[in-house]
Amino acid sequence: MQLVRHCRFTAIDFESAGASRGRTDHPIQVGLASWSAEIGHHDDFVSYIHTDQPIHWAAGKVHGIGPGDLVGAPHLLTLWPEFKRRLGGAWVVAHGKGTEKRFLRAFPGHGFGPWIDTLLLARAAWPDLPDHSLGALCKSLSLVDAVQSLVPAKSWHDALFDTVASLVLLAHLIEVHDLADLPAADLACPDTAAWHRTRRI
């Protein structure tokens, strides 16, 4: 039984090209970063990712990534050593983990996990907040300055910025709810019943 205070949490975030009609979505940027109660924030990594798919205008409007940013970018599969070194043996963190898990299927049988979804954790911890998107949570909880100090000159929908933001949120949640001495497995299965009740009101 591994306690939260002894775990290494590595967060991941992808930005994508956006799905056009009849096309499969593709990642075009990835951010990775780690945090532990013992070490703090460390081991940041960010990279653009090559794709032959055009960037959909709606996706570009959100993250601001254009074709020029991808010139010379590596293919996703060539980043395997980075994923393996950082995610191997870690508790993997994402805010709304569906996209990240889907894009990591490019590496069949990778075995990364267990997964911690900060979206579900936040819904369990603060069910009455009106918006549980990552940016809204960090603003409501006064965490934006902490994120910006760790990732200066970046902003929301940059893969590294969002990755670090999810770790800052996780660290804050662990601190204010006094979770450091609980089993880490408790974070993987948060009780969101109270949040679901607020949806029915």
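The values are calculated or read from the model by the stated rules, or taken from the named source; none is laboratory data. Please read all numbers here as calculations on a predicted model, not as lab measurements. Ideal geometry is used to build each Cβ from the backbone, glycine not excepted, and the neighbour counts take in all protein chains shown.
Take region 80-115 and flag every residue that is hydrophobic (A, V, I, L, M, F, W, C) and within 17 Å of the chain's Cα centre (by Cα). Talk me through it step by step, then tell me what you get.
First, the residues of region 80-115 that are hydrophobic (A, V, I, L, M, F, W, C): 80, 83, 87, 90-94, 103-104, 106-107, 112, 115.
Those that are hydrophobic (A, V, I, L, M, F, W, C) and within 17 Å of the chain's Cα centre (by Cα): Phe83, Leu87, Ala90, Trp91, Val92, Val93, Ala94, Phe103, Leu104, Phe112, Trp115.
Go through region 38-61 and give me each residue that's among the aliphatic types (A, V, I, L, M), touching a strand residue (DSSP E or B) at 6+ places or on another chain (Cβ under 9 Å) and at pLDDT 95 or above. Lay out the reasoning, then the answer.
Taking region 38-61 and keeping what is among the aliphatic types (A, V, I, L, M), we get 39, 46, 49, 55, 58-59.
Okay, now just the ones that are also touching a strand residue (DSSP E or B) at 6+ places or on another chain (Cβ under 9 Å), so 46, 49, 55, 59.
Within region 38-61, Val46, Ile49 meet the criteria.
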(request) Hey, can you tell me all the residues within region 118-130 that are among the charged types (D, E, K, R) and either part of a loop (DSSP other than H, G, I, E, B) or without any contact (Cβ under 8 Å) to a residue 60 or more places away in the chain (or both)? (result) Asp128
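May I ask you to verify whether Thr118 is within 16 Å of Gly40 (Cα to Cα), hydroxyl-bearing (Ser, Thr, Tyr) and under 19 Å from the mean Cα position of the chain (by Cα)?
Working: within 16 Å of Gly40 (Cα to Cα): no; hydroxyl-bearing (Ser, Thr, Tyr): yes; under 19 Å from the mean Cα position of the chain (by Cα): yes.
For Thr118, the condition - within 16 Å of Gly40 (Cα to Cα), hydroxyl-bearing (Ser, Thr, Tyr) and under 19 Å from the mean Cα position of the chain (by Cα) - is not met.
Answer yes or no as to whether Leu119 is surrounded by 14 or more Cβ atoms within 10 Å (Cβ to Cβ), touching a Leu at 6+ places or on another chain (Cβ under 7 Å), at pLDDT 95 or above and not basic (Lys, Arg). Spell out how you get there, then give the answer.
Working: surrounded by 14 or more Cβ atoms within 10 Å (Cβ to Cβ): yes; touching a Leu at 6+ places or on another chain (Cβ under 7 Å): no; at pLDDT 95 or above: yes; not basic (Lys, Arg): yes.
No.
Quick check on this structure: which one of Gly60, Gly18 is touching a residue at least 24 places away in the same chain (Cβ under 8 Å), assigned to a helix (DSSP H, G or I) and either farther than 22 Å from Val168 by Cβ or touching a Pro at 6+ places or on another chain (Cβ under 7 Å) (or both)? Break it down stepwise before answering.
Numbers: Gly18 fails: assigned to a helix (DSSP H, G or I).
Only one candidate passes the filter, namely Gly60.
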(request) List the number of the failed condition for Gly64; all other conditions in (1) at pLDDT 95 or above; (2) of a type outside the set (Val, Ile, Thr); (3) more than 17 Å from the chain's Cα centre (by Cα) hold. (result) (1)
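Determine whether Ala11 is touching a Lys or Arg at 6+ places or on another chain (Cβ under 6 Å) and surrounded by 18 or more Cβ atoms within 10 Å (Cβ to Cβ).
Details: touching a Lys or Arg at 6+ places or on another chain (Cβ under 6 Å): no; surrounded by 18 or more Cβ atoms within 10 Å (Cβ to Cβ): yes.
Criteria not met by Ala11.
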(message) If I ask for residues that are of a type in the set (Val, Ile, Thr) and part of a loop (DSSP other than H, G, I, E, B), which ones from region 75-90 would you list?
(response) none
(request) Could you look through region 85-106, keep only residues that are without any contact (Cβ under 8 Å) to a residue 24 or more places away in the chain and of a type in the set (D, E, K, R), and pick out the one that is surrounded by the fewest Cβ atoms within 10 Å (Cβ to Cβ)? (result) Arg105
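Which fully enclosed helices (runs of 4 or more DSSP H) of region 135-201 have 2 or more residues being under 23 Å from Pro114 (Cα atoms) and under 18 Å from the mean Cα position of the chain (by Cα)?
Working: elements: 144-150, 159-176, 185-188, 193-200.
In region 135-201, 159-176, 185-188 are the helices (runs of 4 or more DSSP H) which contain 2 or more residues that are under 23 Å from Pro114 (Cα atoms) and under 18 Å from the mean Cα position of the chain (by Cα).
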(message) Every residue in region 150-194 that is touching a Leu at 6+ places or on another chain (Cβ under 9 Å), farther than 22 Å from Ile12 by Cβ and among the hydrophobic types (A, V, I, L, M, F, W, C), please.
(response) Val176, Ala180, Leu182
